[in-house]
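Below is one structure, written out as structure tokens; the observations come after it.
The values are calculated or read from the model by the stated rules, or taken from the named source; none is laboratory data. The structure displayed is predicted, hence computed values, not measured ones. Don't worry about glycine lacking a Cβ; one is built from the backbone with ideal geometry, like all the others, and counts go over all protein chains shown.
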Amino acid sequence: MQIIEPLQYGKFYHIYNRGINGDKLFYDDGNYNYFLKLYETHIDPIADTYSYCLMNNHFHFLIRIKEEDEILTRPIKAPHQYFSNLFNAYTKAINKKYTRNSSLFQRTFKRKLIDRESYFKQVVVYINTNPVHHKACDDPKDYVWSSYLSCISNVPSKIKKNEVIDWFDNIDNFKSVHQQKLNTIEIENYLEL
């Protein structure tokens, strides 16, 4: 049995999961929007989001769990409980809408502590180019359910885009790196996907 490490305050994580048996999590645009609305309700109070991508049968987020003194909601629960509440709320809504009555997600959500500086940029690129990797589009700017467009636009966003762009030095380098071929094998081995 796999041991799931608890999420720790002040740490960065790659959070990911997929639909049970690889089935869909998102059937239409309304599902994607609803998931992001639930994410804002359940996760924004306890975590900063740096990158995300919602694919039809899986998702990825790069987040930092806030320090306890940064969390304004009370009482404070264990960080994993907020994610559990998100996934349970979304599952209930999908089951009701599509007359389902079973699990939606594959397993307990995966989380990988990002504790090496060299992986921050790689994880951002991996997440933002996931639609290209899975052949949903040819360019990350063509996929609306990821943080890439938020990072390159001037539109206000809850994504910590200024920090993300700083990791890449500037917006031009951010765009350039996203056009390069990513070594997905190395990152997937690190993340144990």
Check: Restricting the search to segment 143-174, which residues are under 20 Å from D29 (Cα atoms) and either over 19 Å from the mean Cα position of the chain (by Cα) or among the small types (G, A, S) (or both)?
Finding: S146, S147, S150, S157
Margin query: Among the listed residues F174, F168, F87, F83, identify the single one that is modelled with pLDDT of 90 or more, of a type in the set (F, W, Y), more than 13 Å from S51 (Cβ to Cβ) and touching a helix residue (DSSP H, G or I) at 6+ places or on another chain (Cβ under 8 Å).
Written below: F83
Notebook entry, point to check: Can you find a residue in segment 92-112 that is closer than 26 Å to D142 by Cβ and either surrounded by fewer than 13 Cβ atoms within 10 Å (Cβ to Cβ) or under 16 Å from the mean Cα position of the chain (by Cα) (or both)?
Noted result: no
Check: Looking at segment 142-168, which of its residues are buried (at least 16 other Cβ atoms within 10 Å of the Cβ), out of contact with any Cys (no Cβ under 8 Å at 6 or more places or on another chain) and basic (K, R)?
Finding: K160
Note to self: So, K121, is that one out of contact with any Leu (no Cβ under 6 Å at 6 or more places or on another chain) and modelled with pLDDT of 95 or more or not?
What the structure shows: no
Notebook entry, point to check: Can you tell me how many residues in segment 134-182 are assigned to a loop (DSSP other than H, G, I, E, B) and touching a residue at least 60 places away in the same chain (Cβ under 8 Å)?
Noted result: 8
Note to self: For segment 113-140: of the residues being of a type in the set (D, E, K, R) and over 24 Å from K160 (Cα atoms), which is surrounded by the fewest Cβ atoms within 10 Å (Cβ to Cβ)?
What the structure shows: K135
Notebook entry, point to check: Taking the stated definitions as given, is I76 β-branched (V, I, T) and modelled with pLDDT of 95 or more?
Noted result: no
Item checked: Top-ranked residue in segment 18-55 [being among the small types (G, A, S) and surrounded by fewer than 21 Cβ atoms within 10 Å (Cβ to Cβ); ranked as nearest to L7 (Cα to Cα)] -> G19
